Amino acid sequence: MQQYVIALDQGTTSSRAVIFDEQARIVAMKSYEFEQIYPQPGWVEHDPAAILNTQVDALREVVRISGVPLEAIAAIGITNQRETTLLWDRKTGRPLYNAIVWQCRRTAPIIRRLCDEGMEPYIRETTGLVPDAYFSGSKLSWLLDHLDLHERAERGEICFGTVDSYLAWNLISGRPHVTDATNASRTMLFDIHKNTWDDALLRALNIPRAVLPDVVDSSGVIGMLDPAILGRAIPVAALAGDQHSALFGQGCFESGMMKNTYGTGCFLLMNTGDAPAKSQNGLVSTIAWRIGGKCTYALEGSVFVAGAAIQWLRDEMKLIERASETETIARSLADNGGVYMVPTFTGLGAPYWDMYSRGTIIGLTRGTGRAHIVRAALESIAYQSADLVFAMASDCGQKPRELRVDGGASANQFLMQFQADVLGCRVIRPSVIETTALGAALLAGLAVGVWRDMDAIRRVWQMDLSLTPQMDEAQREAVLGGWHKAVQRSMRWAEEDRA
Ligand code: ADP
């Protein structure tokens with residue numbers, strides 16, 4: 001009998017459920033959006049009940065529309081928006097506050113205090129992260145203070161969890177309080193070398209150990225789905241943060257392999273093998289996954305404005321009607337005509353880290369037209385990603401061999417070819433673009449024997465598109481040179497303004 005695996009992909013704007021067959025093909029998919037709550041400028045929250053209800057609805061509905069018999073579902077894997085922080089009552093399971101979403105900046109003062117106390121080098125060394133309000137630690141600290149919960153927390157009456165924990169608690173019989181190593185590595189409370197919660201960081205943020213979940217493997221049976229949900233107990237056999245799951249779903253199992261997700265922003269992760277890499281370029285180190293107690297590590301970097309630059313062309317500049325038009329427009333030119341766009345609307349991330357950089361379009365002449373601006377916006381996505389790839393390559397002393405791609409903008413074949421051109425390496429797009437969900441399904445299927453081992457997974461992983469570089473070395477150097485010059489011109493702009 002054909003076996004199936006379900007992935008629950010709990011994202012920032014929607015909860016989705018995807019059923020895969022043994023060939024790792026999508027059989028059915030369902031997703032529900034939920035509300036984003038903005039109580040104050042810079043604050044972002046989700047209603048925990050909305051997260052849970054949309055996820056359960058998506059699970060029930062995907063099973064219904066697929067027609068797959070419940071007995072044929074071998075396992076369920078969970079992947080989730082990372083860093084988002086929840087707190088609930090251990091006895092009743094009732095959430096004590098809205099989920100504080102990863103984007104929320106309310107705890108920036110806590111991070112400033114840690115840096116003032118000289119904690120930055122320790123945080124980098126222990127957790128692999130740069131101190132930031134983005135990660136869960138300061139959010140948890142804020143919640144305990146704000147709700148005055150320290151005594152109850154010490155007594156073990158309160159549970160902290162990221163979204164994976166919260167779903168595991170609510171979906172699995174016996175209510176296990178767990179998280180997996182990838183999600184733990186995004187809390188800024190976890191020692192990624194020793195694989196344990198770190199006492200010094202817990203002390204610095206005044207967090208009692210009793211609130212923390214047990215840390216489990218990313219692939220392994222945690223427990224059985226509560227039969228009240230689907231009418232049958234099914235093993236829940238994987239937990240992993242979304243980007244980590246996508247790296248796995250992209251089949252990046254060996255050191256040096258990397259994937260880039262082209263969405264609103266870009267997320268680039270590179271497998272660095274069984275030791276965390278120390279970045280000289282402002283990238284973070286993170287646990288890629290933990291299987292059989294053994295950690296694989298990754299370097300991570302992100303581009304803040306990628307597809308968002310295309311949205312800007314469409315919604316603000318009115319240069320295009322649809323994102324997909326950009327491909328034909330860019331192809332109408334033989335080259336970029338010396339025009340570059342640096343879309344640093346919110347500052348510049350790795351490897352430059354200049355929060356005062358502002359967007360610029362440069363190299364304009366009387367001959368510059370709409371197509372040049374559109375092409376420059378597309379090219380900027382590839383250049384920013386290339387800067388991250390080069391930074392990772394230099395951090396691990398390896399030349400990039402290939403880049404695996406996914407996300408909405410990876411549909412743009414001009415962009416993907418240009419990416420291969422400026423990187424000077426192959427760009428590969430898989431046949432399943434839902435790599436986040438696929439990763440969770442593969443991790444779960446691996447735990448219950450749907451796929452016997454990594455080789456079995458390699459055999460089902462399928463490529464859709466492979467692009468090799470077409471640009472000669474001189475041309476590559478010329479465009480990268482132009483880009484880097486443009487980046488320099490964008491830097492410190494807002495700072496100069498202030499002075
Ligand atoms: P997210 O998950 O961040 O919402 P998606 O993976 O759905 O993003 O991708 C959507 C983004 O990709 C949008 O910012 C959109 O502008 C961009 N995009 C979608 N299709 C194309 C395309 N064909 N060419 C260029 N950009 C595109």
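A few points about this structure:
- Looking across R106, R112, R124, R64, one residue alone is without any contact (Cβ under 8 Å) to a residue 12 or more places away in the chain, outside any strand (DSSP E or B) and surrounded by 14 or more Cβ atoms within 10 Å (Cβ to Cβ). It is R124.
- Of the residues making up segment 175-213, those that are in contact (Cβ under 8 Å) with a residue 12 or more places away in the chain and part of a loop (DSSP other than H, G, I, E, B) number 18.
- Segment 402-429, residues that are outside any helix (DSSP H, G or I) and over 18 Å from the mean Cα position of the chain (by Cα): E402, N412, G424, C425, R426, V427, I428
- Looking only at residues in segment 313-327 that are of a type outside the set (A, V, I, L, M) and in contact (Cβ under 8 Å) with a residue 60 or more places away in the chain, the one that is surrounded by the most Cβ atoms within 10 Å (Cβ to Cβ) is T326.
- Leading residue by the ranking (nearest to the ligand (Cβ to nearest atom)) among those in segment 235-256 that are assigned to a loop (DSSP other than H, G, I, E, B) and surrounded by fewer than 22 Cβ atoms within 10 Å (Cβ to Cβ): F253
- Test: residue in segment 258-276 that is in a helix (DSSP H, G or I), within 16 Å of the ligand (Cβ to nearest atom) and either touching a Phe, Trp or Tyr at 6+ places or on another chain (Cβ under 7 Å) or closer than 24 Å to V427 by Cα (or both): no
- Top-ranked residue in segment 11-32 [being in a strand (DSSP E or B) and of a type in the set (S, T, Y); ranked as surrounded by the most Cβ atoms within 10 Å (Cβ to Cβ)]: S15
- Residues located in segment 18-61, provided they are out of contact with any Lys or Arg (no Cβ under 8 Å at 6 or more places or on another chain), of a type outside the set (A, V, I, L, M), within 25 Å of W451 (Cβ to Cβ) and without any contact (Cβ under 8 Å) to a residue 60 or more places away in the chain: D21
- Residues (buried (at least 20 other Cβ atoms within 10 Å of the Cβ) and more than 17 Å from I123 (Cβ to Cβ)) located in segment 189-214: V211, L212, P213
FYI, it's all coordinate maths here, none of it is from the lab. Please read all numbers here as calculations on a predicted model, not as lab measurements. Glycine also receives a Cβ, built like all others from the backbone with ideal geometry; neighbour counts cover every protein chain displayed.
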